[in-house]
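*Asks:* Below is a structure I'd like to ask you about.
The values are calculated or read from the model by the stated rules, or taken from the named source; none is laboratory data. Keep in mind the model is a prediction, meaning the values are calculated, not measured. Note: ideal-geometry Cβ built from the backbone for every residue, glycine included; neighbour counts use all protein chains shown. To get the accessible areas, we keep the full protein, side chains included, count just its heavy atoms, and leave off ligands, DNA and RNA. Shrake-Rupley method; radii C 1.70, N 1.55, O 1.52, S 1.80 Å.
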Amino acid sequence: TTLYHQVLSEFPIPVSCTALQFAVGSLLALSTWGLRLQPFPQFGSRAYMTSFLIKLIPIAAVHAIGNILTNVSLGKVAVSFTHTIKALEPF
């Protein structure tokens, strides 16, 4: 996180940095499925997949917002303060 604090000092655009992190993570996940290193998730039916995605999207949105706010805080306050706040999170 100290390195990320230095990155945000040079490029004060935390939302773009977070988007880049998610893009790289998505490419890694897609490449593991494409190279068959990890099996692609099976949902059985389209109705089950739709139900799963409806439940997953709000959780993913809250996770993304939390990640963005963490990156904003790393750029705005001391890293030790961010670590203290993150340690109080329930998960």
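*Asks:* Can you spot a residue in the stretch 2-14 that is open to solvent by less than 100 Å² (accessible area, probe 1.4 Å) and not in a helix (DSSP H, G or I)?
*Replies:* Residues of the stretch 2-14 open to solvent by less than 100 Å² (accessible area, probe 1.4 Å): 2, 4-5, 7-9, 13-14.
If we keep only those that are not in a helix (DSSP H, G or I) too, we end up with 13.
Yes: one or more hits.
Residues are listed down the side, and each one gets a yes or a no for (1) among the polar types (S, T, N, Q); (2) surrounded by 10 or more Cβ atoms within 10 Å (Cβ to Cβ):
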site: GLY25; (1), (2): no, yes
site: ARG36; (1), (2): no, no
site: ASN71; (1), (2): yes, yes
site: VAL79; (1), (2): no, yes
site: ALA87; (1), (2): no, no
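*Asks:* Now a separate question. Can you list residue pairs whose Cβ atoms sit under 8 Å apart, with the first residue in the stretch 22-43 being farther than 28 Å from ASN71 by Cβ and at pLDDT below 90 and the second being among the hydrophobic types (A, V, I, L, M, F, W, C) and open to solvent by 70 Å² or more (accessible area, probe 1.4 Å)? Count only pairs 6 or more apart in sequence or on different chains.
*Replies:* PRO39/TRP33; PHE40/TRP33; PHE43/PHE52
*Asks:* Only one of these conditions is not met by LEU30: (1) of a type outside the set (Val, Ile, Thr); (2) touching a helix residue (DSSP H, G or I) at 6+ places or on another chain (Cβ under 9 Å); (3) farther than 24 Å from ALA87 by Cα; (4) open to solvent by 60 Å² or more (accessible area, probe 1.4 Å). Which number is it?
*Replies:* Unmet condition: (2).
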